[in-house]
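In what follows, a single structure is set out as structure tokens and then discussed.
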Amino acid sequence: MKRILTFLLSFVCLFACVLSAGCKKGLNADQKDKALIIEYHKAGYGELWIQNAAAEYEKLTGTEVVLTPRSGTQGLTDMAVSLKSGVAETDLFFTANPSFDDVYRGRVIANGKEYDTWFADLTDLYESEIEGEGVTVKDKMFDDFEQYYKMPNDGKYYDGKYYFFPWVTGMNGFVVNMNVWKTCLGERAFPRTTDELLEICAEVKGKTAPLIYSESDEYFSSFLPLFMNQYEGNERMDKFYQGYGPNQEDRYDTNMVRYDGFKQALIFFEKLITTEGYTHTDSSSLTFMQMQGQFLGDKALLNINGDWLEREMIANYPNASIQMMKTPVLSAVADKCSFSKAENRDQILRDAIDYIDGTTSNKPADCTDVDIAYITEARKMSLVTGNSNIALIPSYSNQIEEAKNFLRYLASDAGMLIFRNSTNGCELPFDYTTPVENNDMTEFRKSINDALDGSAKRFVNNKDKIFASGGINVYLFNNSYGRFVKAFTSTTAKKTAEQYFNAEVSAVNDRLNAAKRQAGIL
């Protein structure tokens, strides 16, 4: 009876969502056939950008655009249910997290017709030229993003196709409260290495909280893969994201996550989070919005956050002054350099970063060219999050071409400028065909652009079947987001970084065969 009741309740919820999607627009049948109906997730980047883009698109094309906002986790769920009802009238969703798993699963039925997947094939959109710019959407898109959305060649219907479209670059990093920084540290430069960051935390902890976070919605888990990436390098990290172990040859085996870079990143976070006096005492109880308010209210020096912070919060904190620092290089990177045994190895690493940044023209005598190349790659990485903010078109929409036209317009210089001007300077993941100036850019946005300039835009890649379909979480492998923060701070079940690392490796090994079966790999 419980199963029957659960099924009936699920059906009622689905029907209600579908009914809402169809009736809320207030359009007659003829209008629905002609209008472009868009649902979008209203989050940190707000909704002004989509409102302005839709209004301009209506002027240019004469097509009516109907917008429906969705908020919070429930809003994302509602959109997913609406899409998979198979009868939704929405033509274009701006949502989160590409569902590669749904692509791998294949055939679906919508409105009595069979489709390859729930999502319309966007390959012709990617390969089309943007009017007046002489460049294709694919070539204009940042390379890392374009490759992420291109499906692998597995001998399946989806080989080399695209189903998802990004609508923001996004960036995560250490945000600095400059009011607190100047009070405590004067004109001191931002830290170059994680050891130097810890030294700064030790220096200011008697004056203010060096770091603040919200345990219920922490960003350490999201940021850890970048430090792992610094240590391993881009080529090795890309292989990790394909399920290869540290030897880069064995795939989906029991050593799959036993990477030294993962352990070294955990060791750094253990020091940052658990050292007494480094974190704000209320971090375990503050909601995310409360935490942001405390940070912008000058109650802490540092906070890991995203480029949406200013747009989301600055109206309530007009006197706040914030900047995004370039991510410090994990000090353990020195392990893999020729000067690994030197007593002053972190100073050598800092000097190498000064040379790479152009702060000095003197290459450290202790560094080989191989060292410099390795450290340069580590230094020139930025963690971007836009890969998880995607647009998609239902395969059963009757306005597929119109929806593609709207996305093509967003990728144009004109569309990009609308996004920029509506989000306090945030950017879509495309290069401008004609470079434009933004003299009204805030100090926060300038600092983000400085950090992004010339950097490899790295993000957490969950496209491989072992992660997308196997149920292994690419952020933290045993599928417990935020667990290491609680493990490091627990008073009853505290774990060291080494213990946590071993527990994570064991958790993956215990689930590996089941995950491979679930993903269709075995």
| note | Here region 110-126 yields Karplus 3J(HN,Hα) values (6.51, -1.76, 1.60; θ = phi - 60°; whole Hz; Gly and Pro given as x) of 9, 6, x, 10, 8, 10, 4, 7, 5, 10, 5, 6, 9, 4, 5, 5, 4
| task | For every helix of n ≥ 4 consecutive DSSP H residues, a contribution of -39,500 (n - 2.57) applies; sum these over the chain, divide by its total residues, and give [θ] at 222 nm rounded to the nearest 500 deg cm²/dmol. | result | -13000 deg cm²/dmol
| Relative counts (whole %) of C-alpha pair distances in region 325-421, using bins that are 10 Å wide | 13, 30, 15, 14, 17, 9, 1
| request: Would you work out what percent of the accessible area of the chain, with all protein chains in place, is carbon or sulfur (probe 1.4 Å)? | output: 47
| chymotrypsin sites (Phe, Trp or Tyr not before Pro) within region 397-469, DSSP loop, no more than 16 other Cβ atoms inside 10 Å | Y432
| query | Tell me, what ³J(HN,Hα) does each residue in region 267-284 have, in order and in whole Hz, if you take phi through Karplus 6.51 cos²θ - 1.76 cosθ + 1.60 with θ = phi - 60° and put x for Gly and Pro? | reply | 4, 4, 5, 4, 5, 5, 7, 9, 4, 4, x, 8, 10, 4, 5, 9, 4, 6
| task | Tell me the chymotrypsin sites (Phe, Trp or Tyr not before Pro) within region 271-304 that lie in a loop according to DSSP and have at most 14 other beta-carbon atoms within 10 Å. | result | none
| note | Counting only DSSP loop positions in region 316-406, the GluC sites (Glu not before Pro) whose Cβ has at most 13 other Cβ atoms within 10 Å are E343
| request: With only Lys, Arg, Asp and Glu charged, each at its Cβ (+1 for the first two, -1 for the last two), find how big the charge dipole of the chain is about the Cα centre; round to the nearest 20 debye. | output: 1700
| List the aspartates and glutamates whose alpha-carbon lies under 12 Å from that of K336, not counting same-chain residues fewer than 8 positions away? | E232, D260, D371
| said: Restricting to Cα atoms and excluding each atom paired with itself, what does the Kirkwood estimate give for the chain in Å? | reply: 24.7
| said: Taking the Cα centre as origin and putting +1 on Lys and Arg beta-carbons and -1 on Asp and Glu beta-carbons, what dipole magnitude results for region 256-366, to the nearest 20 debye? | reply: 280
| said: Can you list residues from other chains, or at least 5 along the same chain, whose modelled amide H is less than 5 Å from the amide H of I390? | reply: T95, A96, N97
| Dimensions (Å) - region 381-522, Cα atoms, principal axes, largest first | 53, 44, 25
| request: Excluding residues fewer than 8 places away in the same chain, name every one of the aspartates and glutamates whose C-alpha is closer than 12 Å to that of K341. | output: D366
| task | Calculate the dipole size of region 419-499 relative to its Cα centre from +1 charges on Lys and Arg beta carbons and -1 charges on Asp and Glu beta carbons; express the result in debye to the nearest 20. | result | 660
| task | Leaving out ligands and nucleic acids, note down the accessible area per residue over region 262-368 with a 1.4 angstrom probe, in whole Å². | result | 43
| Which entries in K150/K516; K156/K516; K271/K326; K326/K404 show an alpha-carbon gap greater than 25 Å? | K326/K404
| request: Mind computing the radius of gyration and Dmax over the alpha-carbon atoms of region 406-457? Å is fine for both. | output: 11.2, 32
| said: Can you tell me, using C-alpha contacts under 8 Å and at least 6 residues apart, the relative contact order of the chain as a whole percent? | reply: 22
| task | For region 149-257, restrict the atom set to alpha-carbon positions and state the Rg and Dmax in Å. | result | 20.1, 61
| field | For V329, distant residues with modelled amide H under 5 Å away | value | T193, T194
| task | Take each of the peptides 97-108, 230-241, average the number of other beta-carbon atoms within 10 Å over its residues, and list them starting from the highest. | result | 230-241, 97-108
| Between Y40 and residues 5 or more places away or on another chain, which pairs have amide H atoms under 5 Å apart, with H built 1.01 Å from N, and which residues are they? | T68, R70, F94
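The values are calculated or read from the model by the stated rules, or taken from the named source; none is laboratory data. Predicted model, so just to flag it, every value in this text is computed and none were measured. All Cβ positions, glycine included, derive from the backbone under ideal geometry; neighbour counts span all protein chains shown. Accessible surface areas use protein heavy atoms only, side chains included; no ligands, DNA or RNA. Shrake-Rupley method; radii C 1.70, N 1.55, O 1.52, S 1.80 Å.
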